[in-house]
């Protein structure tokens with residue numbers, strides 16, 4: 001199967017999963033990390049049928065959190081729980097603040113459709129994260145449903161390799 005066919009199959013199948021429970025478990029695993037290692041952390045605003053880690057912003061107060069903003073490429077903007085979000089590209093909610101590049105972040109939590117057996121991320125096929133993280137030197141943490149981790153997927157050289165995986 002091609003990456004596109006695998007992606008389509010997984011996106012259909014995951015509608016059957018309980019993402020509320022997966023989100024709770026993911027948050028518990030994430031809170032075990034040593035946040036003293038990071039100052040600026042990239043997170044994501046969840047799509048339907050995606051693991052929601054957004055509550056971390058209200059719990060871990062010693063770090064700054066940044067949500068992605070999609071323009072011609074992927075940027076990040078600081079996010080606080082009380083901030084107003086606006087609908088951006090791909091109908092995702094985005095903050096309205098100043099933009100920074102991924103290189104200014106220490107760690108990024110990345111939503112994954114699936115993860116290959118060699119820890120490469122299968123995303124939604126647009127390549128925004130692949131481009132933004134090509135030369136990223138911080139920690140790349142994939143967040144994915146356990147059912148879609150370590151799959152036999154023929155990945156390409158530009159697909160990003162994750163440093164850690166939160167699989168629930």
Checklist outcome for this item: Between the modelled labels at residue 20 and residue 152 (7 Å from Cα along Cα→Cβ) the distance in nm is 3.7
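If we count other beta carbons within 10 Å of each Cβ, what is the order of 118, 34, 52, fewest first?
34, 118, 52
Where does each of 149-156, 44-51 land if you order them by average Cβ count within 10 Å, highest first? Write down the numbers at each step before the final one.
Numbers: 149-156: 13.9, 44-51: 17.2.
The most tightly packed comes first, giving 44-51, 149-156.
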Checklist entry - For the range 1-151, what is the relative contact order in percent, using Cα pairs closer than 8 Å and at least 6 residues apart in sequence? => result 23
Next on the checklist: What do you get for the angle between helix 19-30 and the principal long axis of the chain? Use alpha-carbon atoms, 0 to 90 degrees, nearest ten.
Outcome noted: 60
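Every number here is computed from the coordinates shown, using simple stated rules; none is lab data. Please read all numbers here as calculations on a predicted model, not as lab measurements. For neighbour counting, all protein chains shown are included, and Cβ atoms are generated from backbone atoms with ideal geometry for every residue, glycine included.
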